[in-house]
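Written below as structure tokens is the structure these notes are about.
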Amino acid sequence: MDDTRTLLDVKEYPDTEVQKDRVLTLEEWQEKWVSRKIGFHQEQGHQFADLGHSVVGVEISELGIREFFTEQTLSYSEEPVVEIPGAKVFKSSKGNISLYCCNLFDLPRANIGKFDRIWDRGALVAINPGDRERYADIMLSLTRKGFQYLLAVLSYDPTKHAGPPFYIPDAEIKKLFGSICNIHCLEKVDVFEERHKNWGIDYIVEKLYLCTEK
């Protein structure tokens, strides 16, 4: 991996297996939206659709999806996803944003096509550690030739916070994406806030990687 811009030096925690057996259910994720335990949620969205792109997202919480459209003052429609029982897709009236409400691991059955760009923020760090390889395989299967995959992960002391978000070291990213991708670390940024003290940690660094086709 090649650091093109490093803001701070982050020491990798030596025990990368400490969180390996941690599991959250889909119901627990849905409950986070109900109880407003959504520290991962950002007030301002990323302006991909505003730049002319067609955007597809996946979220297990129907409440979270509906709130997105309300916050962005976008009208939308909803319809069932016939290939996935119980799943729905919410589409903006302009047709440039489609948000699937389903288990991400069921998504390939919906035949949503392939993508030039993937923005992975709050996704890999939320996947149960035991499901990471399956997740990475699915995400890479959805890419077109010449893709660019932006990946944001977090570094902290995993013995002090069980996750999520989960700690993901460089070696794990190489393991998951290195056989298919060139991986470049674009930046490392201190994102520690007062609320992180409640996790029992005293530092947290966000690393941004760009994965491209070998």
Of the residues in the range 63-115, those that are of a type in the set (Asp, Glu) and either more than 25 Å from Glu206 (Cβ to Cβ) or outside the structural domain of Leu51 (by the TED database) (or both) come to Glu78, Glu79, Glu83, Asp106
Taking first residues from the range 163-174 that are under 21 Å from His196 (Cβ atoms) and second residues anywhere that are open to solvent by less than 20 Å² (accessible area, probe 1.4 Å) and assigned to a loop (DSSP other than H, G, I, E, B), the pairs with Cβ under 7 Å that are 6 or more apart or on different chains are Gly163/Gln19; Pro164/Leu24; Phe166/Gln19; Tyr167/Gln19; Tyr167/Tyr156; Tyr167/Pro158
Whether any residue in the range 30-43 is in contact with a helix residue (DSSP H, G or I) (Cβ under 9 Å, 6 or more places away or on another chain), over 24 Å from Cys101 (Cα atoms) and at pLDDT below 90 is what I want to check.
no
Given (1) within 22 Å of Ile84 (Cα to Cα); (2) surrounded by 14 or more Cβ atoms within 10 Å (Cβ to Cβ); (3) polar (S, T, N, Q), Asn111 misses just (2)
Restricting attention to the range 24-36, the residues that are in a loop (DSSP other than H, G, I, E, B) and open to solvent by 90 Å² or more (accessible area, probe 1.4 Å) number exactly 1
Within the range 49-97, restricting to residues that are of a type in the set (Ser, Thr, Tyr) and assigned to a strand (DSSP E or B), the one that is surrounded by the fewest Cβ atoms within 10 Å (Cβ to Cβ) is Ser77
The residue from Ile127, Ile204, Ile183, Ile168 that alone is open to solvent by less than 60 Å² (accessible area, probe 1.4 Å) and either within 24 Å of Glu83 (Cβ to Cβ) or of a type in the set (Ser, Thr, Tyr) (or both) is Ile127
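The values are calculated or read from the model by the stated rules, or taken from the named source; none is laboratory data. None of the values given here were measured: they were computed from a predicted structure. FYI the Cβ positions are ideal-geometry reconstructions off the backbone, even for glycines, and counts take in every protein chain you see. The accessibility values were calculated without ligands, DNA or RNA, using every heavy atom of the protein model including side chains. Shrake-Rupley method; radii C 1.70, N 1.55, O 1.52, S 1.80 Å.
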